[in-house]
Structures are given as C-alpha cells and as structure tokens.
Amino acid sequence: MCGIIGYIGKKEIVPLLLTGLKRMEYRGYDSAGLSILDSSSELKSIKKKGRVNDLELASMDLNVKGIIGIAHTRWATHGYPNDINAHPHFDTKMNISLVHNGIIENYSIIKQKLIQEGYSFRSDTDTEVLAVLIERFYDKVKDLEYAVRLALNEVNGTFGIALISKYEPNKIIAARRGSPLILGIGDNEYLVASDASAIIEHTKNVIYLNDDEMAILSPDGFITKTIANKKVKSEIHQLEFDLEQIEKGGFEHFMLKEIFEQTQTIRDAMRGRLLVDEGNVKLGGLRSVRDRIRNARRIIITACGTSYNSALVGEYLIEQLAHIPVEVEYASEFRYRSPILFEDDFVIFISQSGETADTYAAIQEAKQRGATCLGIVNVVGSSIARATDAGIYIHAGPEIGVASTKAFTSQLTVLSLLALYLGRMRNLSTIDGIKIAKELEALPDKVQMILNGASEIERIANEYYQSRNFLYLGRGYNFPIALEGALKLKEISYIHAEGYPAAEMKHGPIALIDKNMPVVVVAPKDEIYEKVVSNIEEVKAREGRVIAITNYGNTDLEKLVDHCIYIPDTLPLLTPILTVIPLQLLAYYTARLLGRDIDKPRNLAKSVTVE
Ligand code: M6R
C-alpha cells in the first residue's frame with residue numbers, strides 16, 4: 001500500500017513524479033504529495049487530499065526546477081486522509097522531507113519521548129515521527145545517512161522510505177524493511193520506487209532492495225549497503241514487461257482489459273510447461289525441490305483475498321490428483337497461531353503482488369519451523385518470490401485493477417499444472433495425465449467463448465444492479481468460485497454479497513432469501529450437479545431469483561432459473577477457470593452501472609503491504 005517514487009536526473013521533475021504516482025496509484029489513492037529540492041537547494045513541497053489528479057492541479061503553480069525529488073500516494077493507516085497527513089512528512093525545521101510505506105509500530109512511544117525533548121508535530125501519522133527522529137540524530141551527528149541509520153535502528157515495524165534534505169541536497173536516501181523498494185538505474189538518472197510500474201518508462205535496469213538494506217542515490221551514481229552499514233553486492237535485473245502492458249489499451253477500465261486478457265494470460269501460464277503428449281508438466285522453478293516434494297507429508301497453502309480463494313481450489317486439485325493432504329489457511333491467521341509444521345511439509349504462498357505483508361510474514365514463520373517454502377507469484381522479483389525456496393511464476397503480466405481477475409485464473413492454471421505434476425510423480429496414470437493436459441490446452445479458446453458472450457452478462461447486470469444483497473453458491477471445485485464471485489462484487493460495487501457452499505445454505509443463509517434476493521449459483525454439469533439443482537429448487541421455493549452458471553446445452557435448467565449463463569464443457573476439476581469469468585463480468589458491469597470507481601474502489605489498495 002502507498003506508492004513511493006524518488007528521482008535524480010535531468011528530466012523535468014514535477015511531471016515525472018506525477019506520472020510515476022499515477023502509475024502506482026492503485027497502491028493507494030486517498031492523498032498524495034511531493035517534495036523537490038530546487039536549484040538553490042530549498043525544499044518545495046505540496047500535499048493534497050484526494051487523487052494524484054488533485055495533486056497535479058495543485059502543483060500547476062509550483063514552478064520549480066530541480067533535479068531531485070520524492071513523491072507519494074497514500075493509503076491511510078495512521079491519521080485521517082487530509083492535506084496534513086498526506087506525505088511527504090518533515091522534521092520540525094522543514095529541512096528533511098520523507099515519504100514512507102509501512103507502519104512504524106512503536107511510533108507513539110518515540111513520539112512521547114520526542115515531545116518530552118521539546119520536538120513538536122504537525123500530523124497524526126507514524127511517518128512524521130520517523131522524520132523528526134532523523135532530525136534529532138542529525139542535530140547530533142551532522143551526517144544525514146548516519147542519522148537515518150540511527151533512526152531506523154530505533155523503529156519497529158515495516159518501512160520503505162525515501163528522503164531528501166537541504167542539509168545534503170545532492171542525494172536521495174532510501175531504505176526498506178518489509179515494504180518493497182526498487183532502484184532504477186538509468187542513463188545518468190536514478191530512481192527509487194515501490195513498484196516497477198513507476199520506473200519502466202525510464203529504464204528496465206533495476207535492483208531489488210532486500211530487507212534491512214538502504215541505497216544512497218546521487219547524480220553520479222548509487223551505493224547500496226545494509227542499514228547496519230555493511231557492504232552489499234546488488235545484482236542488476238531486467239524488467240520483463242513493457243509500458244503498453246500497464247496502459248488501458250482502449251478499454252474503459254483496467255479491470256475490463258484484464259478480464260479480456262485472460263485468453264492470453266492462461267496460455268502464458270502454461271507456455272513451455274505443459275507436455276501434452278506425455279500427460280505431464282515441466283516446472284523448472286521446482287527443480288531444486290523435485291525429489292522432496294514427491295514425498296511431501298502435507299502441503300499447506302496460505303494466502304490472502306483472491307489468492308486465498310485460488311488456494312482453496314488448489315486444495316481440491318492436489319488432493320484429487322496427487323493424494324497429498326492439503327490445508328489452506330489465511331496468511332494473517334497462519335502467522336500468528338504458532339502452526340505445527342514438520343520438515344517434510346511444504347508451504348505454498350500464493351500472491352499476485354508478491355508483497356502482501358501477511359503472506360510475506362508467514363514465510364518467515366514457516367522457515368523458522370523448517371518447512372520448505374514455495375511461491376506462486378505474479379510479480380517477478382517481488383519480496384515473496386525472493387523469500388521462498390522455489391516457486392512458479394504465473395506470468396499474468398502487470399495487474400493494475402485493484403480487483404484481481406487475470407491473476408486469479410493464472411493462479412488456478414498454475415495450481416492445475418502443479419497438481420498434475422505432483423500426480424504424475426505419484427500415482428496418476430499417463431492416460432489420465434494426457435486427458436487433463438489436453439483439456440488444459442483447450443481452456444484459452446473456451447475462455448474466449450465466454451468473453452464473446454459478455455453483452456448477455458451486461459444485460460443481466462442491468463436487471464439486478466440495484467439489489468442490496470447477493471448470495472453466491474457453489475459446491476466442490478466451485479465453492480471457492482462462489483467466494484470469489486462474492487468478493488469481486490462487494491469490492492467494486494459495494495453491494496453486500498456472501499459466498500457459501502450451496503448445501504450450507506439451509507443451515508442459515510436460507511433465512512435471507514426472498515423475492516428481492518438474487519442468488520448466483522455455479523452449477524456446471526459435474527458429479528454433484530443434481531445436488532446443486534436441489535439447492536436451486538430450495539431457493540426458488542422461497543421466491544429467490546436465480547442466475548445460474550452452467551454448461552452450453554443444459555437447457556433443462558432454463559425452466560427452473562431466471563437466467564442461465566453458459567460455459568463450454570471441460571473436466572470438472574478445470575471448471576473453476578471458466579465459471580469465474582462470468583462472475584468477474586457480472587461484478588464489473590454491476591459496478592459500472594452504479595458508477596463506481598472500478599479500478600480504485602474505496603478503502604482498498606492493490607498490494608496490502610501493511611498488516
Ligand atoms: O497480491 P496478493 O495476491 O497477495 O493480494 C491478496 C489480496 O489482497 C487480493 O487478492 C485482494 O483480495 C484483491 N483486491 C481481490 O480482488
């Protein structure tokens with residue numbers, strides 16, 4: 001959460017910082033601000049409640065020329081979103097300007113001490129405490145980098161920071177612990193940002209800072225070291241995506257673009273991995289753990305939000321194909337409940353961003369207990385990807401819409417590959433493997449068929465967008481899809497929605513059903529289809545309105561339900577990859593009819609880098 005950018009170079013700095021912020025706005029969007037050191041080394045700053053566009057309007061009059069600046073787009077943790085609490089934050093003399101992503105957990109104790117020493121504060125934020133703490137040390141040691149290191153030693157919690165100061169006006173100091181920071185190494189220009197999307201326009205050469213590392217950028221170059229002042233050898237990596245991938249490309253919203261990209265992204269998740277003729281899978285990222293994973297006693301999958309929903313599908317897949325017991329747990333719970341782990345356990349961490357704080361912290365927990373950690377991650381080089389022992393990238397490309405769509409189906413695709421891989425290492429026959437591999441290969445075209453019917457889903461959304469509540473039901477492989485459909489609807493339309501295993505409805509939620517309750521039932525033709533039909537009957541008997549997702553040709557259901565949305569046939573275990581797509585579209589069109597800010601829904605941020 002929160003986006004940080006810092007720049008040293010010859011380009012016009014204010015527009016550059018604003019563009020960088022816009023590219024990271026999905027990380028947080030309740031206020032924004034920037035600071036520039038002008039040609040006479042004076043600090044010029046501006047901060048605004050609202051979107052980056054509001055900051056842009058406010059900075060029209062900020063006619064500064066400078067070569068060094070930092071900027072921030074905020075997702076509030078401490079303090080209401082307003083101009084004062086917006087970043088950057090300053091020391092009391094306004095000589096140091098700091099942007100921060102993360103939470104300083106012991107800020108209130110430090111603040112009390114600083115107040116007792118005579119320092120004062122303008123905002124309610126934890127970040128300002130760090131700025132003033134740096135000032136306190138600077139007053140003593142008169143060395144900015146040293147002061148930053150001393151201050152960072154005093155704080156608990158997480159941070160990705162960038163700061164500039166008129167005391168030493170030719171540098172940006174950046175540091176991280178638990179919040180991502182990337183350095184961009186350009187042609188006589190250097191950047192720091194919390195996200196590669198803010199850097200890609202300027203350079204593809206990047207360094208991923210590790211926890212407890214810092215960087216000092218100057219017009220002549222950069223150095224990296226640990227916060228404890230030890231040398232580090234940083235490797236330069238190449239970003240693997242292009243600018244056009246983070247632009248809307250003619251779509252009204254990123255979310256819609258990303259939904260329509262799924263034909264391609266599912267294909268990309270399988271590329272070079274699926275061995276159809278052998279009914280097997282090649283997963284280069286698991287080479288180092290191949291023999292151990294074959295004998296895994298148990299697999300635990302942990303994740304948050306949409307990634308958690310994909311983990312639930314993973315549980316069904318791996319247990320069915322590989323007969324390895326699987327447990328799924330929210331990362332936020334896993335990390336705090338002292339889980340019992342064995343050395344022959346594998347823990348899989350699923351994350352689109354690779355930066356989710358709870359998931360990242362869960363890795364440390366699992367490692368301490370000796371388990372092998374695997375990542376299923378989208379963002380290459382992200383913290384989770386680097387912290388795990390081995391892993392599989394989903395290769396969905398940048399996902400900008402806050403509501404995750406293409407990353408979800410790519411996660412499901414990779415989990416299907418993993419289940420097939422594990423199954424073939426254990427007892428799954430070649431014939432069964434070939435059958436699954438062929439069906440996997442056919443999925444992208446089937447996804448396209450569903451997307452071709454988007455206008456029908458828009459029409460259904462038109463009928464229900466004013467409903468106050470929705471219920472989503474599914475069973476077996478499609479129970480997690482009911483959860484995901486409900487999550488998509490609530491996060492972008494703000495309509496209350498609940499997902500349930502269809503048979504659980506009669507144990508409580510059935511009380512909610514009346515003629516005003518739309519019930520979305522995921523009902524593909526599989527071995528429990530008849531049971532789901534009984535659940536639909538129960539809804540209809542109470543006058544609920546049913547929207548069913550079922551297979552082409554299953555016209556019987558039309559007589560029972562109010563609307564049918566059709567998907568092509570596939571194996572039951574692969575249906576989630578198809579059934580979720582109409583639910584993504586239903587959420588999208590509903591939110592659009594309600595005029596919601598679809599790509600940046602209220603109160604949310606794309607990557608949740610705080611607890
Ligand atoms: O980046 P991650 O996959 O770790 O993110 C986890 C959740 O924060 C994320 O899936 C969130 O629930 C999405 N907004 C859902 O659309």
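Here are some notes:
- Cleavage-rule hits, chymotrypsin sites (Phe, Trp or Tyr not before Pro), region 307-380, DSSP coil, Cβ neighbours within 10 Å at most 16: 336, 342
- Acute angle (nearest 10 degrees) that the helix 144-154 long axis makes with the longest principal axis of the chain, alpha-carbon atoms: 50
- Using the Cβ-Cβ distance between residue 140 and residue 237 with R0 = 45 Å, the FRET efficiency computed as 1/(1 + (r/R0)^6) comes to roughly 0.75.
- Using θ = phi - 60° in the Karplus curve 6.51 cos²θ - 1.76 cosθ + 1.60, the 3J(HN,Hα) couplings for region 359-371 round to 5, 4, 5, 5, 4, 4, 4, 5, 5, 4, 8, x, 6 Hz; x is entered for Gly and Pro.
- Column: log10 I(q)/I(0), Debye, Cα scatterers of region 248-449, q = 0.13, 0.15, 0.19 Å⁻¹: -0.66, -0.88, -1.36
- Listed cross-link partners 11/47; 11/142; 10/49; 113/231 are compared with a 26 Å cut-off, the Cα-Cα value being larger for 11/142; 10/49; 113/231.
- Local charge for residue 348 was computed over the other residues whose Cβ lies under 12 Å away, with Lys and Arg +1 and Asp and Glu -1, and equals -4.
- Per-residue extension of 0.36 nm, minus the Cα-Cα distance of residue 187 and residue 442, leaves a gain of 87.3 nm for this segment.
- All other residues whose Cβ lies under 15 angstrom from that of residue 460 are scored, Lys and Arg at +1 and Asp and Glu at -1, for a net of -1.
- Of all accessible heavy-atom area on region 81-134, the percent that carbon and sulfur account for (1.4 Å): 52
- Pairwise FRET efficiency - residue 337 versus residue 542, Cβ, R0 = 51 Å, nearest 0.05: 0.85
- Carbon + sulfur, % of accessible area of region 546-611 - ligands and nucleic acids excluded, 1.4 Å: 46
- Whole-Hz Karplus values for region 601-611 come out as x, 4, 6, 9, 8, 5, 10, 9, 9, 10, 5 Hz, taken residue by residue from phi with 6.51 cos²θ - 1.76 cosθ + 1.60 and θ = phi - 60°; glycine and proline positions read x.
- Here's how it looks for residue 521: its modeled amide H is under 5 Å from those of 473, 547, 548, 549, which are all 5 or more places away or on a different chain.
- Accessible-area ranking of 133, 571, largest first, probe 1.4 Å: 571, 133
- At a probe radius of 1.4 angstrom, the accessible area of the chain per residue rounds to 38 square angstrom.
- Loop-located trypsin sites (Lys or Arg not before Pro) in region 444-531, at most 16 other Cβ atoms within 10 Å (DSSP): 468, 515
- Per atom type, region 248-449 shows carbon and sulfur on 48% of its accessible surface, probed at 1.4 Å.
- Spin-label pair residue 320/residue 105, simplified geometry with 7 Å Cα→Cβ offset, distance in nm: 4.1
- Net charge of neighbours whose Cβ lies under 9 Å from the Cβ of residue 369, counting Lys and Arg as +1 and Asp and Glu as -1: -2
- Of the GluC sites (Glu not before Pro) found in region 1-54, those in coil by DSSP whose Cβ has at most 15 other Cβ atoms within 10 Å are 12, 42.
- Residues whose amide H lies under 5 Å from that of residue 280, counting only those 5 or more places away or on a different chain, are 275; hydrogens are built 1.01 Å from N in the peptide plane.
- Euclidean distance of C-alpha centroids, region 362-418 and region 64-108, integer Å: 30
- Rolled with a 1.4 Å probe across the full set of protein chains, the surface gives residue 429 an accessible area near 50 Å².
- Signed unit charges on C-beta, dipole axis of the chain, positive-most listed residue 193, 259, 119: 119
- Projected-area average for region 453-611 over all orientations - Cα convex hull basis, square nanometres: 9.7
- DSSP assigns beta bridges within region 453-611; of those with both partners inside it, close to 0 percent run antiparallel.
- Cα gyration tensor shape of region 152-202, rounded if a/c is under 1.5, else prolate or oblate by comparing a/b with b/c: oblate
- Separation between Cα centres of region 117-176 and region 269-323, rounded to whole Å: 44
- Per-residue Karplus couplings for region 113-119, computed as 6.51 cos²θ - 1.76 cosθ + 1.60 with θ equal to phi - 60°, are listed in order as 4, 5, 4, 4, 7, x, 7 Hz, Gly and Pro entered as x.
- Share of pairwise Cα separations in the chain, more than 32 Å, in percent: 49
The values are calculated or read from the model by the stated rules, or taken from the named source; none is laboratory data. Because the structure is predicted, anything quoted here is derived from the model rather than measured. Reconstructed Cβ throughout: ideal geometry from the backbone, glycine too, with neighbour counts over all protein chains shown. Accessible surface areas use protein heavy atoms only, side chains included; no ligands, DNA or RNA. Shrake-Rupley method; radii C 1.70, N 1.55, O 1.52, S 1.80 Å.
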